[in-house]
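In what follows, a structure is listed as structure tokens, so that the remarks can point back to it.
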Amino acid sequence: MTERRPRAKDGLDDRLARRVWIENVRPRVDGGEFPVKRVVGEEVVVTADVLADGHDRIAATLRWRPDSEERWREERMTAAGNDAWTASFRVARPEAHRYTVVGWIDEFATWRDELEKKFAAGQDVESELLEGGALVRSAARRAEEPDRAWLADVADRLEAGGDPAARVERALADDLRIHMTRWPDRSRATEHDRVYAVEVNRTRARYGAWYEMFPRSYAREPGTHGTFREAEARLPEIARMGFDVLYLPPIHPIGRSHRKGPNNTLRAGPGDPGSPWAIGAEEGGHTAVHPDLGTLEDFDHFREAAASVGLEVAIDVAFQCSPDHPWVREHPEWFRHRPDGSIKHAENPPKKYEDIYPLRFDGEDWRALWRALRDVVLFWAGRGVRIFRVDNPHTKPLRFWRWLIAGVRERYPEAIFLSEAFTRPKVMYALAKVGFDQSYTYFTWRNTRSELTAYLTELTRSEVREYFRPNLWTNTPDILPEHLQYGGRAAFMARLVLAATLGASYGVYSGYEVLEAEARPGSGEYLDSEKYAVKSRDFRSKGNLAHYVARINAIRRDNPALHSNERLRFHDVDNEQLLFYSKTSEDLDNVILVIVNLDPHHTHAGWVDVPIESLGITEGEVYQVHDLLGEGRFLWRGRRNFVQLDPASSPAQVFRVRRKVRTERDFDYFM
């Protein structure tokens, strides 16, 4: 993802005489092997150590350009102390950008410093003025009109003789410094030996609320297999809850051989629909839709209906096959075989998945397989899909994903890929490096204050943030966390607030809003899992969270601080059952403070430590916080303030710092 500049040849070529040394350029991922990530409109703040021998003054510039432009743009870097320099640029469109750093000895600034010191010390500066005249005249030759004539005139004055004081005043004037900065001598500039890449996505890659649903569970007649047309009736309600992305598990024909029954039993009855992840039957494979759902045209209608209410449809990419998939017959070489010639089914001991055949990505005909899989994604992109949730990407080669995602982006630069990889951290991070825009995380299993603080700090404050975008899911069809099984309504509310405010992207699986919590005994999985059955739900059941979900998502949309993870900070509170954190917008106009009671069964209180310095609030000053969930307004003073949360009413408060207040009775607010 980076361009390496040619190395110096053996011997003393001209580049060895360039005195400026550039190192430690940031941001970068693995030394520049992979791109950093941004979305349209975001800033790339670049820092570098730029140094040289001796005491000469240095100048440096940041060079950057979108890939579609050949000409570099430049931003002058400013010194940040200890040989560090910094500058920034904003990415304006969803395409790759490049950047590097250039540095040179600033002979004019060096001369200017010496002249000023010698003249102040009463020394003869005639020689220095002539030297300066030569520098200015050289700049005039590099300049364009009208600067060329202006600089030539100044050079004449410096070299003309006469009153040294007047000539020094002319030499040290700001207008000359500005002109000379505009036309520097970069003939011996050092260009950093690497060009770094920025992968730029549309905003949805960074921010969005996801909702997962199985269309087959939305038939008009409960218990029967639903269609796309029937599932459309649910779309307005999902939109009213404030979701942005509607994710569909696989919608393809399901194999009949070794079809799984209820709760993953080995034998399916005649009416059991099987797992959507067992893809492929005589009706087709990865580019077909299950005939019970409808046709490709019905899918198109469903996607357009979702778009009409503000929902973007994401589909599942699961690169595996049922024994009945057409590829098994047409391309047996794409699968792994046992010594007896039979194809190996998927296993994760002690679990067996007889209804799924994994693909062999390193077989003799691997090129044809890779192209076929890429063409699957391109097929759905051609039907208007731009978001792909990828199932188990960690079981396929990293180089395959790097190739596939790059190939799709050549034609559809707005495509977004979500990695569903609950695996080792370095593997999850590697998937992000090779192209995945978002990833599932361990959030589902992080429950205590220390666990949440440590994990989210790693994701948002370390180098990981440059390439790994977390998508925090409260639950999935595979995962019913223990705290939801036993925590009741308060646990569902608290986890929703945590996911939606800790993460710029988060998701829930259908049923969350009606507090589904019945687990298969002794497991973290749902009883009567929707993965193996059609499920009917009463979304209007008493006590459902639809209104609460809608309120949380409205708060997210209304507050830019919640659209990013960059400025997430955790703060002290003197109760281990309370988690206190803040998010702020880039311009600091939007400040959100969140306090969550992590214990769903008991009321907890404590004193929170508000980060008043970063909010521009002084110790002892009174300011207002507005609880966006409960609509209460409170006057807080200074750093330490008291909170109390009863999970029976609301286990969380989401405060917006509205205004600072001069006195407790003065409501002529400002901020």
> Cα-based Rg of the stretch 275-322 per 2.2 N^0.38 Å, rounded to two decimals?
Replying inline: 1.26
> Can you pull the percent of Cα pairs in the stretch 207-346 with separation above 26 Å?
Replying inline: 31
>> Tell me the Kirkwood radius of the stretch 471-545: reciprocal of the mean inverse pair distance over distinct alpha-carbon atoms, in Å.
In response: 12.7
> Using a simple spin-label model with points 7 Å from Cα along the Cα→Cβ vector, what separation in nm is obtained for Phe361 and Arg186?
Replying inline: 4.1
> Per the Debye formula with a single identical scatterer at each Cα and no solvent contribution, what log10 I(q)/I(0) holds for the stretch 84-208 at q = 0.16, 0.19, 0.22 Å⁻¹?
Replying inline: -0.83, -1.02, -1.22
>> Can you find, among Gly162, Tyr532, Gly620, the residue sitting farthest towards the positive end of the charge dipole of the chain, where Lys and Arg contribute +1 and Asp and Glu -1 at Cβ?
In response: Tyr532
>> At 0.36 nm per residue, and after removing the present C-alpha to C-alpha distance, how many nm does the segment from Glu414 to Glu458 gain when stretched out fully?
In response: 13.1 nm
> Which FRET efficiency value, to the nearest 0.05, is calculated for Thr265 and Ala92 with the Förster distance at 41 angstrom and r the Cβ-Cβ distance?
Replying inline: 0.15
> Binned at 5 Å from 0, what are the whole-percent values of the Cα-Cα distance distribution for the stretch 285-374, short to long?
Replying inline: 3, 11, 18, 19, 15, 12, 10, 7, 3, 1, 0
>> Quick check: at a probe of 1.4 Å, how many percent of the accessible area of the stretch 5-122 sits on carbon and sulfur atoms?
In response: 47
>> Rounded to the nearest 20 debye, what is the charge dipole size of the stretch 35-93 about its Cα centre when +1 sits on each Lys and Arg Cβ and -1 on each Asp and Glu Cβ?
In response: 320
> Between Thr584, Gly630, Ala219, whose Cα lies farthest towards the positive end of the dipole of the chain when Lys and Arg beta carbons carry +1 and Asp and Glu beta carbons carry -1, centred on the Cα centre?
Replying inline: Ala219
> For the stretch 302-350, what is Rg from Cα atoms divided by 2.2 N^0.38 Å, rounded to two decimals?
Replying inline: 1.83
> Which whole number in µm²/s is D for the stretch 531-654 by Stokes-Einstein, with the Kirkwood Rh taken over Cα pairs at 37 °C and 0.692 mPa s?
Replying inline: 203
> Counting only Cα, what are the radius of gyration and maximum Cα-Cα distance Dmax of the stretch 71-111, in Å?
Replying inline: 13.5, 44
> Order of 284-291, 634-641 by packing, highest average Cβ count within 10 Å first?
Replying inline: 284-291, 634-641
> Taking the Cα centre of the stretch 479-575 as the origin, how large is its charge dipole in debye, to the nearest 20, when only Lys and Arg (+1) and Asp and Glu (-1) carry charge on their Cβ atoms?
Replying inline: 320
> At Leu588 and Arg26, where each label point lies 7 Å from the Cα along Cα→Cβ, what is the point-to-point distance in nanometres?
Replying inline: 2.1
> Counting only DSSP beta bridges with both residues in the chain, what percent are antiparallel, rounded to the nearest 5?
Replying inline: 70
>> Report, to one decimal in Å, the Kirkwood hydrodynamic radius for the stretch 369-458 based on all distinct Cα pairs.
In response: 14.1
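Given that compact globular proteins tend to follow 2.2 N^0.38 Å, what is the ratio of the alpha-carbon Rg of the stretch 325-388 to that value? Present the calculation step by step, with values, prior to reporting the outcome.
Numbers: Rg = 14.1 Å, N = 64, 2.2 N^0.38 = 10.7 Å.
After normalising by residue count via 2.2 N^0.38 Å, the value is 1.32.
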> Which is farthest toward the positive dipole end of the stretch 295-401 among Tyr357, His337, Leu398, measuring Cα position about the Cα centre, with Cβ charges +1 (Lys, Arg) and -1 (Asp, Glu)?
Replying inline: Leu398
> Among 497-504, 36-43, what's the highest-first ranking by average C-beta atoms within 10 angstrom per residue?
Replying inline: 497-504, 36-43
> Packing-wise, with mean Cβ within 10 Å as the measure, how do 514-526, 84-96 rank, highest first?
Replying inline: 84-96, 514-526
> Residues of the stretch 467-486 with amide nitrogen under 18 Å from the 7 Å Cα-to-Cβ point of Thr448?
Replying inline: 482-484
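Using a probe radius of 1.4 Å on heavy atoms only, what accessible surface per residue do you get for the stretch 539-663? Whole Å² is fine.
Per-residue accessible area for the stretch 539-663 comes out at 44 Å².
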>> Cα atoms only: what Rg and Dmax, in Å, come out for the stretch 37-157?
In response: 18.7, 58
>> For a Förster distance of 22 Å, can you work out the FRET efficiency between the beta-carbons of Glu159 and Arg19, rounded to the nearest 0.05?
In response: 0.20
>> Need one value: the accessible area of Trp104 in square angstrom, 1.4 angstrom probe, rounded to the nearest 10.
In response: 10
> Between the helical axis of 147-159 and the dominant principal axis of the chain, each derived from Cα atoms, what acute angle in degrees is found, rounded to the nearest 10?
Replying inline: 40
> Beyond 17 Å, what percent of the Cα pairs of the stretch 236-292 remain?
Replying inline: 49
>> Can you give me the long-range amide H partners of Val46? Hydrogens built in the peptide plane at 1.01 Å from N, cutoff under 5 Å, separation of 5 or more residues or another chain.
In response: Ala87, Ser88, Phe89
>> Restricting to DSSP H runs of at least four residues, report the calculated mean residue ellipticity at 222 nm for the chain, -39500 (n - 2.57) per run over all residues, nearest 500 deg cm²/dmol.
In response: -8000 deg cm²/dmol
>> Could you tell me how far the Cα centroid of the stretch 544-573 sits from the Cα centroid of the stretch 128-189, in Å?
In response: 56
> Is any residue of the stretch 589-620 close enough, with backbone N under 15 Å, to a label point placed 7 angstrom from the Cα of Arg567 along the Cα-Cβ axis, and if so, which?
Replying inline: 589-594, 611-617
> Cα axis of helix 482-502 to longest principal axis of the chain: angle in degrees, 0 to 90, nearest 10?
Replying inline: 30
>> Rounded to the nearest percent, how much of the accessible area of the stretch 169-321 (1.4 Å probe, protein heavy atoms only) is carbon and sulfur?
In response: 48
> When you take every Cα atom in the chain, what is the radius of gyration, and what is Dmax, the widest Cα pair distance, in Å?
Replying inline: 31.0, 106
> For the chain, with only Lys/Arg (+1) and Asp/Glu (-1) charged at the beta-carbon, what is the dipole magnitude about the Cα centre, in debye rounded to 20?
Replying inline: 1160
>> Probe of 1.4 angstrom, ligands and nucleic acids ignored: what's the accessible area per residue over the stretch 255-354, in square angstrom?
In response: 49
> Relative to the longest principal Cα axis of the chain, at what angle does helix 107-120 sit, 0 to 90 degrees, rounded to 10?
Replying inline: 50
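The values are calculated or read from the model by the stated rules, or taken from the named source; none is laboratory data. All values reported here derive from a predicted model rather than from experimental measurement. Ideal geometry is used to build each Cβ from the backbone, glycine not excepted, and the neighbour counts take in all protein chains shown. Areas reflect the complete protein model, heavy atoms only, side chains present, ligands, DNA and RNA absent. Shrake-Rupley method; radii C 1.70, N 1.55, O 1.52, S 1.80 Å.
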